[in-house]
Every structure is written in structure tokens, then in C-alpha cells.
1. Quick one: in the stretch 89-106, which of the residues that are among the aliphatic types (A, V, I, L, M) and either out of contact with any strand residue (DSSP E or B) (no Cβ under 8 Å at 6 or more places or on another chain) or in a helix (DSSP H, G or I) (or both) is surrounded by the fewest Cβ atoms within 10 Å (Cβ to Cβ)?
2. Being free of Cβ contacts under 8 Å to residues at least 60 places away in the same chain and either part of a helix (DSSP H, G or I) or open to solvent by less than 20 Å² (accessible area, probe 1.4 Å) (or both) narrows it down to one residue among L86, L109, L119; which is it?
3. Keeping to the stretch 362-388, report how many residues are in contact with an Asp or Glu (Cβ under 9 Å, 6 or more places away or on another chain), open to solvent by 30 Å² or more (accessible area, probe 1.4 Å) and not in a loop (DSSP other than H, G, I, E, B).
4. Sort through L49, L75 and tell me the only one that's aliphatic (A, V, I, L, M), open to solvent by 50 Å² or more (accessible area, probe 1.4 Å), touching a helix residue (DSSP H, G or I) at 6+ places or on another chain (Cβ under 6 Å) and not in a helix (DSSP H, G or I).
5. Run T255 past the list (1) part of a loop (DSSP other than H, G, I, E, B); (2) open to solvent by less than 60 Å² (accessible area, probe 1.4 Å); (3) touching a residue at least 24 places away in the same chain (Cβ under 8 Å) and report the number of the one that doesn't hold.
6. Here is a check on your reading of the model: is R60 in contact (Cβ under 8 Å) with a residue 60 or more places away in the chain and surrounded by fewer than 20 Cβ atoms within 10 Å (Cβ to Cβ)?
7. Please count how many residues of the stretch 19-41 are in a strand (DSSP E or B), within 23 Å of the chain's Cα centre (by Cα) and at pLDDT below 85.
8. Considering each residue of the stretch 128-148, count those that are in contact (Cβ under 8 Å) with a residue 60 or more places away in the chain and open to solvent by less than 10 Å² (accessible area, probe 1.4 Å), and give that number.
Amino acid sequence: MAAEIAELGEERIVVNMGPQHPSTHGVLRLMLEIDGETVTEARCGVGYLHTGIEKNMEFRTWTQGVAFCTRMDYLAPFFQEAAYCLGIERLLGIEDDVPERAQVIRVLLMELNRVASHLVCLGTGGNEMGATTVMTISFTAREEILRIFESVTGLRMNHAFIRPGGVAQDVPAGLSEDFWHMDAEVRKYLAQLSDLMLANPIFKSRLVGTGHLNLAGCMALGVTGPVLRSAGLPYDVRKSAPYCGYETYDFDVPTSTDADCYSRVVLRIEECYQSLKIAAQCIERLERSVGEPVMVADKKIAWPAQLAVGTDGAGNSFEHIREIMGQSMEALIHHFKLVTEGFRVPAGQVFQTVEHPRGELGVHLVSDGGTRPYRAHFRDPSFNNLQAVALMCEGGQVADVVVAVASLDPVLGGVDR
């Protein structure tokens, strides 16, 4: 290569951005060939974070698999849990048996998770361009949502809360008050972010016209989510193939035709407002269905533990333990077998999709009739969207690479499953 460069009389340099660079949204390596300040070639190197989650899931029961897949894209755990559990429910043939209240709780958590994920995208993207205030506001707003997650699931991330057949437990009393407080705070912070970014001349000069990817390019590369919608196609799995009752909610799918980094910021802010609108509808439905079940009635599938918190602040309620340990040998045997062996899923395969914050998330599950997945494979949107890096960056400036990658919002935990 050195001889070739000397013959051409050019001074081309190959630069590595990552895999530890703070502007690559995780452990991503970008190999850039630059001529002066112009990027002549851009390639992605992935795999530095490989966790083997999909292979590990083959050695765990169907229910235990939730604790693995929730850790893939760590900024959007509820979407992976939901896609995985919806796939299992289709294989079991119990889609229509999942209680309505459980589906509403799933939608509430997913939509709040979408807002939290977009806030991280906006905050880190702003920080990479030197706008630290954008990051502090975004993360302060996200903190309000994480408090809701903690009150419902006990955890801020990696929840393993959505289970085959429903959810692990009902929402706590007082969730409505917490939600409306969070809603007001997040809307206030979103308004501040809009004021800081959208009319800012420096912000616009960095983003308008940068990272252009038109509809033909998106379709050719399998790009989905806000990046696809910024090119004008209103494709959203919640509308095109509804799940969890999304067809019964009132919301819009915002689109743009500018197909640049700026339009993706605008769309993500608008999507946050639409998600808050859906979440408010969920809260109203939960208020009308207090006391209804949140897990299927079939005791051969439903997790046996009554997850009321014990007096020590953790574990099962004393009443439940006293019953299975002291009064019902059958309940104890059933509890032991279901937790250790798991339930059997009829042989077959299924492909289930959900609308993830970064695009279309798909899960392909194969069952051989046993208590563990024969195969579990996820189509993570970040992985497919990263194909667009070369198309978006080549011919542009080195500084624009950071902006273009940030507009894709890749999370490498999902890429390197």
C-alpha cells in the first residue's frame, strides 16, 4: 500500500476511531481512510463486546432466557423481553390468554423505555459535539423515568420483568401519581432540549445536510426506525403488525423527508412526546383494571411465586412460602419442577418483531419440544443500521463521522449479542 501511495503521489492516512473512543457509542471500531480532512473510506469493526447471549439461552429454560436477552441492548431492555416473550406465547398458542392488564403494563414500560433511550441518544450526541448541557439535561430527564422503572420492577435496567404469559408482578399502588409527576418533569426537560438544540445555529450547521441517507439507501441496507422515517417512509411495527394491543392506542408516526442528522434529532424528540401520549393512555387503563390478573391462568406456564415483597424487603411473601412449605406438598413439588426444569414448548419456530427505539427488532425462536430454546436469534436494529456508516460518511469530513454515527444511535450491546 505504501508503494501504491508513493506512486500516486497522495498522502492518504488510515485512522482508527475506537474501539475505546468516546464518540463511537460503545465498543465500536471505525476504520477511516482520510485524505486531509476528507473521509475517502469508512468501515465498521464490531465484535469487541461479544457476550454469547444467544448461545447461552440454549442452555437455560424458556423463562430464564428473559434474564439473558434483557441485557443485549442495555438501553432498551423491555423491548427484547417483550419480543422474546411474545414469540414464546405464539409457540405455546396462548397469545389470546395473556391478561389485558399485563399487555397494558408491557406497553407502558416499553413506551417509557423508548423515551429514556431517545434521551440517551440526544444527550450523548450533544456531548460528542461539545454541548455538555444537552447531556446533563437529557440524563436528568431520563432519571425521572428510571425511578418509575425501579418502583415497578425493583431495578433500573436489566429487569427480566416481562415473562412468558404476562409480567412478574402488578404495578405498585401510587404509580399514577408518580407517573404524572414524571410526565410533567420530562416534558419540561424536552422543551429545554428543543430550545437548546433545534434553533441553535452551531447545532444546525453541524447537523443540517450531514449524514444524508435517502430512502433508496435505507431500503437497500435494511435500515429501520427513526433513520428510515427521516427519509420519508412511515414504517412502524406498532402500526404495520400491531402487538400487545397497540392497534387500540391513539398515536402518530412522525416522519421527515430531509434524511439528514438534524431531521433524526427532531423525529426522536417528537417520538418522545408520542410515547408519553401512549403511556398516559396506559395509566388510564390501569386505573380502570385494578385487581385484574397480570399472568396467564394456566399454572403449567405461570411462574408459581407470588412476588409480594417479604418483610425483609426482598423475596416472596411469607404467606406464600408458608403455604407451599407447610400446607401443600403438591404446590411445593410444582414450584420446584417449574423453576428448575421449566415448561415444555411445542416443537416449531416463530419470528416475532417489535418496534425498538432504534428500529425493527426481530426474534427467531426454534423449539424442539423441550424446556429450552433449540435456537434463539435476534435481528438487532443497531447491527443492521451500522451498515449505513460507509454510505453516510464517505466524502464528508472527519468531524461529520461523529455526528453521523450518533444519528444512527447504535448500542453495541445489541450489535455484539
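The values are calculated or read from the model by the stated rules, or taken from the named source; none is laboratory data. Since the structure is predicted, the reported quantities are computational estimates derived from the model, not experimental observations. All Cβ positions, even for glycine, are placed from backbone atoms using ideal geometry, and neighbour counts span all protein chains on display. Only protein heavy atoms, including side chains, enter the accessible area calculation; ligands, DNA and RNA are left aside. Shrake-Rupley method; radii C 1.70, N 1.55, O 1.52, S 1.80 Å.
1. Ranking the qualifying residues of the stretch 89-106, first place goes to I94.
2. Of the residues listed, the single one that is free of Cβ contacts under 8 Å to residues at least 60 places away in the same chain and either part of a helix (DSSP H, G or I) or open to solvent by less than 20 Å² (accessible area, probe 1.4 Å) (or both) is L109.
3. Count: 5.
4. The unique qualifying residue is L49.
5. If we test T255 against (1) part of a loop (DSSP other than H, G, I, E, B); (2) open to solvent by less than 60 Å² (accessible area, probe 1.4 Å); (3) touching a residue at least 24 places away in the same chain (Cβ under 8 Å), just (2) comes out false.
6. Values: in contact (Cβ under 8 Å) with a residue 60 or more places away in the chain: yes; surrounded by fewer than 20 Cβ atoms within 10 Å (Cβ to Cβ): yes.
Answer is yes for this residue.
7. Residues meeting the conditions: 0.
8. First, pick out the residues of the stretch 128-148 that are in contact (Cβ under 8 Å) with a residue 60 or more places away in the chain: 128-129, 131, 133-134.
Next, only the ones that are open to solvent by less than 10 Å² (accessible area, probe 1.4 Å) stay: 134.
Total satisfying the criteria: 1.
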